[in-house]
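J.: This is the structure, below, for whatever I ask next.
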Amino acid sequence: MPKQKSVLFTSLTSGHSENVRNMYWENPTVNGDIIGVFQPSHEEQQHTDETLYNRKAWAEMYLLSLCVYVLVTSARSTFGYAAQGLGGLKPWILLPVQAGESDNAGSTLRSVQVDGALLSRSPIL
């Protein structure tokens, strides 16, 4: 029996969520699951001195912290860092595309801890 699943995006722009939404619209899942793609806001630019913007940002970080299955974030994401800490989550980290490489776009690495301060790779001493 098909299930309903949700994907939550938090980003200043709507491009990523629209791409994923279109992908599922044009290419249904093999087992018939229905995938809903949601993005509460896309402000286009930060407004850190505005109370309403800060409330929206906090709400989105809280929603991310409620992830039941998977949290995917980048090593530099404040939202991912806060959500991971609030939810006690071990996120998947998006690896940055290196200059001159096109193959690792979309590559991820699983964090071994819930401490968001250690999301980026540390140099070996």
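J.: Using amide H atoms built in the peptide plane, which far-off residues or other-chain residues are under 5 Å from Leu71 H to H?
T.: HN-HN under 5 Å from Leu71: Trp92.
J.: Given the whole protein assembly as supplied and a 1.4 Å probe, what does the accessible area of Lys5 come to in Å², nearest 10?
T.: 100 Å²
J.: Multiply the residue gap between Arg76 and Thr48 by 0.36 nm, knock off their C-alpha separation, and tell me the result in nm, one decimal place. Don't jump to the answer; show the numbers that get you there.
T.: Details: separation 28, 0.36 × 28 = 10.08 nm, distance 1.71 nm.
Additional length available on full extension: 8.4 nm.
J.: Can you give me the % of accessible surface on segment 3-97 that is carbon or sulfur? Probe 1.4 Å, all protein chains present, nothing else counted. Provide the component values of the computation, followed by the final result.
T.: Details: 3740 of 6690 Å².
Percent of accessible area from carbon and sulfur atoms in segment 3-97: 56.
The values are calculated or read from the model by the stated rules, or taken from the named source; none is laboratory data. What you see is a predicted model, and the numbers here were worked out from it, not measured in a lab. With ligands, DNA and RNA removed, areas are computed over all heavy atoms of the protein, side chains included. Shrake-Rupley method; radii C 1.70, N 1.55, O 1.52, S 1.80 Å.
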